[in-house]
Amino acid sequence: MGLKEIELPVLPTTVIGSYPRPKWLREIIKGYRRGRIKKEYLEEAFNDAVVVVVRDQEEAGIDIPSDGEQRRDEMVEYFAERIGGFKFYGPVRVWGNNYFRKPAVVSRISYRGPIVLNEYLFLRKVSKAKVVKVTITGPYTMADWSFNEYYKSKEELASELAKIVNMEIKKLEEVGALYVQVDEPALTTHPDEMDWAVDIINKAVKGVNIKVGLHVCYSDYRVLKPYFDELKVSQLALEFANRGFRDLEILKGLNKELGFGVIDVHNLRIETPDEVAKAIEKVMNYVRPECLYINPDCGLKLLPRSIAKEKLRVMVEGVKIVRKKLINKGIETIPLRTSTTCP
Amino acid sequence: MVVIKACMNGSYPRSKAVARLYSRLSSGKLSIEDFEEGIRNHTKKFFELLKNSGVRLFTDGMLRWDDIFNPLIRYVNGVKINGLVRFFDNNFFFRAPKVVGKLDISDNPIPKWFNVSISIAKRVFGDDFILKQVIPGPFTLAMNSINQYYSNLHELIHDWRVNVLEPLIKSLVSVGLSVIEVHEPSLVWGNVSSEVLRYGVKEVSELIKFCKHLGVDIWLLTYFRSLTNLNGLVSDLVDAILGIDFFSKDLKRPYVFMEEYGIKRVMLGLIDSRNTLMEKASMIRRVVSRVLDAGVNEVYVGNNAPMDFIPEVIAAKKIRKLGRVVNKLLSSLLGD
């Protein structure tokens with residue numbers, strides 16, 4: 001099926017990317033790190049875990065699943081391990097007792113070959129969904145969340161990383177991927193860098209002809225708003241549940257699709273379908289339903305798996321409430337858009 | 001008489017071993033007694049690092065704190081703990097205080113923790129040390145609160161100071177506190193009207209007076225952006241030891257600034273808590289020497305910001321270097 005013919009149900013449901021690893025996978029990873037498990041068994045376990053988490057998402061009713069980033073410990077770490085020029089000193093806390101291994105750039109950045117291509121190919125093979133999502137950490141966030149010991153400026157480092165991200169997305173396009181999401185949670189953290197940061201993101205997606213979403217979370221969206229038009233992506237996936245659906249007014253004038261975050265991924269309380277439906281109805285005051293995707297705020301990996309699945313199920317139930325009303329109005333499907341605007 | 005000392009400010013990276021103590025406590029696998037013993041052991045290990053590095057002016061590393069606000073805000077009536085918010089421009093997040101009622105501090109374990117830390121420090125250092133307690137300042141607390149109760153920011157800043165911080169400082173004094181380290185990054189962060197900022201500075205200067213009255217020395221640490229942005233307002237704050245982040249991009253003419261405002265006591269943030277690159281001894285020496293030329297007579301050299309943002313192995317290396325460089329500098333000056 002070509003990109004242009006793909007229709008999705010109105011308010012397509014998707015995930016942002018990560019999903020909790022099954023307990024047995026965590027044990028196998030631990031065993032591998034202690035030298036008790038062979039690499040080939042670990043690989044097999046990763047594949048099995050993807051099958052399981054795709055199944056979880058599909059059972060919950062998600063239209064566009066991801067592979068739950070089962071092979072990735074962390075979003076920057078995973079890429080830094082596979083790109084030349086990085087070094088790891090140790091873990092750094094992100095909040096509470098959550099850590100990531102923040103990499104340091106100690107020499108020239110180099111592309112050592114495909115990074116997430118096999119992830120996509122395996123996901124495509126095991127998912128029944130028409131469209132699946134592949135996530136890639138964006139060049140700005142990779143630069144911002146690394147210690148720069150080598151390049152003269154963060155901009156120079158990010159620019160080199162943009163070339164690598166661009167190569168990777170093009171490789172995904174070549175093998176048939178339809179939807180890539182570039183994750184840039186750091187994007188708005190330095191407002192004075194926004195001008196060049198947006199150029200860097202556009203460089204990373206230059207010449208790409210498939211759907212590209214941009215995920216930005218836990219951020220000051222007032223900083224992002226002036227750049228809505230300039231960003232050469234077809235969708236912005238933003239977090240709103242965590243902030244109690246405040247700040248929706250920043251969406252006034254949004255000229256592209258919105259991936260609307262309706263599930264708080266840092267809270268064990270499971271939302272109700274009514275809460276989800278109300279939030280969607282609220283956002284429809286700012287964004288037309290034809291331009292809306294529905295997703296959790298961010299990756300689900302920090303939740304217990306049962307809660308993550310239930311949250312997705314509830315999200316889909318909430319969507320169904322609104323969908324029913326939209327279908328009554330004759331809005332049933334939307335196309336899979338690649339354009340950078342949503343008319 | 002010129003004073004030059006190395007100091008460690010704010011948090012030291014919480015190791016995964018400490019994080020494991022928390023997770024084992026919350027899952028019931030560890031008793032509270034064993035947890036406390038674990039925290040004491042890690043605090044002792046941290047103090048030994050400081051002692052071996054020649055740093056005798058320090059905090060307890062804030063091993064029990066998730067960030068500069070938590071757990072303090074959990075012991076404040078009128079506050080609910082809200083979602084995660086980014087800590088300024090870092091990939092570091094905190095649970096924000098949602099203010100839903102009149103602020104008022106409740107019973108809290110912070111003085112007890114301070115007491116525990118001071119007794120560990122005595123065992124490690126003898127009497128030759130100063131332990132600082134870290135608290136967030138009233139302005140930073142207010143600017144990072146989600147305010148759903150107070151009709152204006154002035155009242156919010158005021159009540160953080162009067163109803164929360166001052167009673168807390170008083171209770172800390174009763175267990176032996178002599179130096180308080182107040183973190184006020186919001187004072188220099190910008191994105192605030194000059195009227196609110198002026199009021200914020202006034203409230204902080206009231207806090208300084210309060211501490212002075214109690215006989216407590218107050219350090220006022222600003223970071224991520226430069227204290228030089230405060231210009232005229234800084235004269236209200238000079239009774240505190242002022243912390244200046246020498247790695248903030250907007251730092252302008254710091255030496256002229258110190259001269260202009262007659263600043264006599266500063267904490268120079270010359271150890272970068274946000275990068276793994278090691279600082280050059282020559283840079284530290286140059287800055288200290290220029291600061292002395294600018295008329296400052298009490299110079300503390302330390303990390304520019306909390307150390308949560310770098311791996312523990314790097315933080316330890318930086319602390320060792322800090323002690324080495326400052327002590328060498330001191331002996332070369334004494335030798336002159």
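The values are calculated or read from the model by the stated rules, or taken from the named source; none is laboratory data. Keep in mind that this is a model prediction, so the values were computed, not measured. Cβ sites come from the backbone with ideal geometry, for glycine too, and all protein chains shown count toward neighbours.
Before moving on, here are some points about what is shown:
- Here segment B:94-137 is the region considered, the condition is being part of a helix (DSSP H, G or I) and of a type in the set (Lys, Arg), and the residue that is surrounded by the most Cβ atoms within 10 Å (Cβ to Cβ) is B:122.
- Filter result (among the hydrophobic types (A, V, I, L, M, F, W, C) and assigned to a helix (DSSP H, G or I)) within segment A:281-323: A:283, A:291, A:307, A:308, A:312, A:314, A:315, A:316, A:319, A:321, A:322
- Those residues of segment A:222-242 which are among the aliphatic types (A, V, I, L, M), part of a loop (DSSP other than H, G, I, E, B) and over 22 Å from residue A:155 (Cβ atoms), in sequence order: A:241
- Residue, farthest from the other protein chains (Cβ to nearest Cβ), within segment A:152-179, restricted to residues that are part of a loop (DSSP other than H, G, I, E, B) and surrounded by fewer than 19 Cβ atoms within 10 Å (Cβ to Cβ): A:176
- In this structure, residue A:112 does not qualify as touching a Lys or Arg at 6+ places or on another chain (Cβ under 7 Å), surrounded by 18 or more Cβ atoms within 10 Å (Cβ to Cβ) and basic (Lys, Arg).
- Annotation note: Cβ proximity below 6 Å between a residue of segment A:242-260 that is in contact (Cβ under 8 Å) with a residue 24 or more places away in the chain and a residue that is assigned to a strand (DSSP E or B) and of a type in the set (D, E, K, R) (sequence gap 6+ or interchain) occurs for no pair.
- Condition check for residue A:261: surrounded by fewer than 18 Cβ atoms within 10 Å (Cβ to Cβ) and within 25 Å of residue A:188 (Cβ to Cβ): no
- Candidate set: segment B:59-90, residues that are more than 17 Å from residue B:102 (Cα to Cα) and aliphatic (A, V, I, L, M); chosen: the one surrounded by the most Cβ atoms within 10 Å (Cβ to Cβ): B:68
- Segment B:181-203, subset in a helix (DSSP H, G or I) and in contact with a Lys or Arg (Cβ under 8 Å, 6 or more places away or on another chain), residue nearest to residue B:137 (Cα to Cα): B:203
- From the list B:230, B:242, B:220, the lone residue that is of a type outside the set (Val, Ile, Thr), part of a helix (DSSP H, G or I) and within 28 Å of residue B:169 (Cα to Cα) is B:230.
- Criterion: at pLDDT 95 or above, touching a strand residue (DSSP E or B) at 6+ places or on another chain (Cβ under 8 Å) and β-branched (Val, Ile, Thr) - qualifying residue of A:265, A:283: A:283
- Looking only at segment B:41-79, and only at residues there that are of a type in the set (Gly, Ala, Ser) and farther than 20 Å from residue B:134 by Cβ, the one that is farthest from the other protein chains (Cβ to nearest Cβ): B:54
- Scanning segment A:34-72 for residues that are in contact (Cβ under 8 Å) with a residue 40 or more places away in the chain and either out of contact with any Phe, Trp or Tyr (no Cβ under 8 Å at 6 or more places or on another chain) or within 14 Å of chain B (Cβ to nearest Cβ) (or both) yields a total of 9.
- All positions within segment A:197-236 that are among the polar types (S, T, N, Q), under 16 Å from the mean Cα position of the chain (by Cα) and modelled with pLDDT of 95 or more: A:234, A:235
- If the condition is being away from chain B (no Cβ under 14 Å), farther than 17 Å from residue A:12 by Cβ and part of a loop (DSSP other than H, G, I, E, B), then segment A:204-221 contributes A:205, A:206, A:207, A:208, A:209.
- Hits in segment B:227-286 - residues which are basic (Lys, Arg), more than 24 Å from residue B:57 (Cα to Cα) and within 21 Å of the chain's Cα centre (by Cα): B:249
- Among the residues of segment A:95-109, just one is surrounded by fewer than 18 Cβ atoms within 10 Å (Cβ to Cβ) and of a type in the set (Val, Ile, Thr), namely A:106.
- Of the residues making up segment A:235-269, those that are polar (S, T, N, Q) and within 12 Å of another protein chain (Cβ to nearest Cβ) are A:242, A:267.
- Residues of segment A:96-150 classified as within 12 Å of chain B (Cβ to nearest Cβ), in a strand (DSSP E or B) and among the charged types (D, E, K, R), total: 2
- Figure legend. Inter-residue proximity from segment B:90-109: first residues within 14 Å of chain A (Cβ to nearest Cβ) and touching a residue at least 24 places away in the same chain (Cβ under 8 Å), second residues surrounded by fewer than 17 Cβ atoms within 10 Å (Cβ to Cβ) and among the charged types (D, E, K, R), beta-carbon distance below 8 Å, spacing 6+ or different chains. Indicated pairs: B:98/B:80; B:100/B:80.
- The residues of segment B:1-40 that are of a type in the set (A, V, I, L, M, F, W, C), within 30 Å of residue B:272 (Cβ to Cβ) and within 12 Å of chain A (Cβ to nearest Cβ), listed by number, are B:17, B:18, B:19, B:21.
- Hits in segment A:29-44 (condition: under 20 Å from residue A:75 (Cα atoms) and either surrounded by 15 or more Cβ atoms within 10 Å (Cβ to Cβ) or among the acidic types (Asp, Glu) (or both)): A:29, A:42, A:43
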